[in-house]
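Below: the structure, in structure tokens.
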Amino acid sequence: MTAKQLSPAIPNWPQWLWWLIPVVALVGLVLIFVFTDPASVFTSDAPPIEDLTLERIQVTTTGLQVHLFNGGAIETTIAQVAVDDAFWDFSVSPSPTLARLGSATLTIPYPWVRGEPHVIRLFTSTGTTFEGDIPAATLTPVLGLKEFGAYGLLGLYVGVLPIALGMLWFPAMKRMGKRGLNAVLALTLGLLIFLLIDTFLEAFELAGETPGVFQGVPLAIFAALLTWLGISAISAQRGTHSADPAQQRLYISLLIAVGIGLHNLGEGLAIGAAFALGEAALGSFLVIGFTLHNVTEGIGIVAPVTRDQPKLWHLVGLTCLAGLPAIIGAWIGGFAFSPLLATLFLGIGAGAIWQVIVEVGQLLRRDAEREGLPLVSWLNVGALLGGIAIMYFTAFLVK
């Protein structure tokens with residue numbers, strides 16, 4: 001008797017029925033569990049754990065405003081509010097009771113003192129406490145033409161101008177020999193490796209500030225994974241239609257600009273949030289630090305096209321792709337900072353940077369093979385480590 005004869009015969013039912021049977025079985029399993037509920041043996045009288053997030057604290061002329069989000073399994077009611085260990089009157093709109101995944105705005109008529117820190121502590125009806133702090137009280141910027149322009153200028157100083165300055169080394173790079181050009185690509189790899197690690201760490205840090213229900217760390221990882229796969233698919237498709245090496249190198253510069261732009265979006269968020277929280281001194285220091293830190297990004301963007309003659313509008317477009325997201329980030333961070341959106345954007349940026357590392361590595365390998373040069377040489381290794389070191393030590397200015 002053959003193995004085929006031993007296997008059970010599958011009825012020749014319609015295909016839609018075979019798709020429906022597992023769904024019906026799953027529904028039946030859930031109903032059985034609901035009606036029998038074996039977990040009821042472990043039920044205690046303790047209330048479910050509450051999870052209330054103070055997403056954003058704003059300082060206004062009349063007091064404090066706190067944007068709340070309920071990420072717990074049950075509805076939560078705000079019973080009392082204390083500021084600096086003293087209970088204060090408050091109002092909650094639309095209601096002091098927040099449904100699961102509900103949000104509300106808490107208003108406290110508190111006479112805050114400019115430049116001083118304040119701690120807000122919320123007490124729920126179950127006695128659970130949640131708190132948030134204001135490092136240095138100052139009026140939160142409101143959306144206006146003056147503020148909009150100021151944040152835009154901050155993003156310009158952080159993103160666009162440093163990258164444009166870095167690109168000024170392009171004529172000097174074109175005069176380098178073959179080994180020198182490969183070393184510049186290796187330097188770019190070092191810059192990107194640092195940016196990849198830095199972006200992931202920033203994403204994970206912000207993920208810890210998101211409501212637990214949104215699973216910040218998995219969100220960042222999945223965003224990075226999907227972005228990497230998406231760009232990989234686009235690159236593979238493009239590789240089958242473009243055989244021009246110059247176009248391929250320009251495409252890699254485009255990918256580098258996109259990856260750096262998404263990273264700069266996160267930097268803009270940090271600067272905008274720093275000024276919005278009243279940390280003006282820190283924000284100004286961040287602007288100077290990021291300006292010096294990001295000059296090297298311009299070198300990395302033009303490194304793949306040093307063998308070619310890119311048009312001026314290509315260079316301008318690459319500068320805008322890499323630098324303008326810093327302006328957008330400054331606007332978001334200053335007026336409507338959201339740890340959830342920041343985590344998502346940084347995850348996307350990490351995925352893009354990873355694919356860029358792959359593309360630049362392949363470009364370096366192809367150039368070395370074509371020129372008959374070793375891929376791993378002391379010069380290339382030194383340049384790669386130099387790229388990492390440059391980013392590491394200039395990061396002292398922004399950390």
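General remarks:
- Selection of trypsin sites (Lys or Arg not before Pro), region 148-187, meeting DSSP coil and at most 13 other Cβ within 10 Å: Arg175
- Annotation for Arg100 and Leu156: the two label points, set 7 Å from Cα along the Cα-Cβ direction, are 4.9 nm apart.
- Projecting the alpha carbon convex hull of the chain along each direction and taking the average yields 31.2 nm².
- Ellipticity estimate at 222 nm from DSSP helix runs (n ≥ 4, -39,500 (n - 2.57)) divided over the chain, nearest 500: -20000 deg cm²/dmol
- Burial ordering of His67, His293, His263, fewest other beta-carbon atoms within 10 Å first: His67, His293, His263
- Potential lengthening between Val213 and Ile197 on full extension [0.36 nm per residue; Cα-Cα distance subtracted]: 3.2 nm
- Here the extension length gained between Thr126 and Arg175 equals 10.5 nm, from 0.36 nm per residue of separation less the Cα-Cα distance.
- Remark: Leu363, Leu64, Leu31 ranked as Leu31, Leu363, Leu64, counting other beta-carbon atoms within 10 Å and listing the fewest first.
- Computed E for Leu385/Val23 - FRET, C-beta separation, R0 51 angstrom, nearest 0.05: 0.35
- Computed label-point distance, nm, for sites Phe393 and Asp133 using a 7 Å Cα→Cβ extension: 3.4
- Three-way shape call for region 52-134 based on the alpha-carbon gyration tensor, with the a/c threshold at 1.5: prolate
- Within straight-line cross-link reach of Lys311, aspartates and glutamates at Cα separation under 20 Å, skipping those fewer than 8 residues along the same chain: Asp244, Glu297
- Alpha-carbon centroid distance for the pair region 57-117 / region 335-359, whole angstrom: 30
- Ranked for footprinting exposure by Cβ neighbours inside 10 Å, fewest first, Ile348, Ile57 give Ile57, Ile348.
The numbers here are math on the coordinates, done by the rules we state, and not lab data. Remember, it's a predicted structure, so these values are computed and weren't measured experimentally. For neighbour counting, all protein chains shown are included, and Cβ atoms are generated from backbone atoms with ideal geometry for every residue, glycine included.
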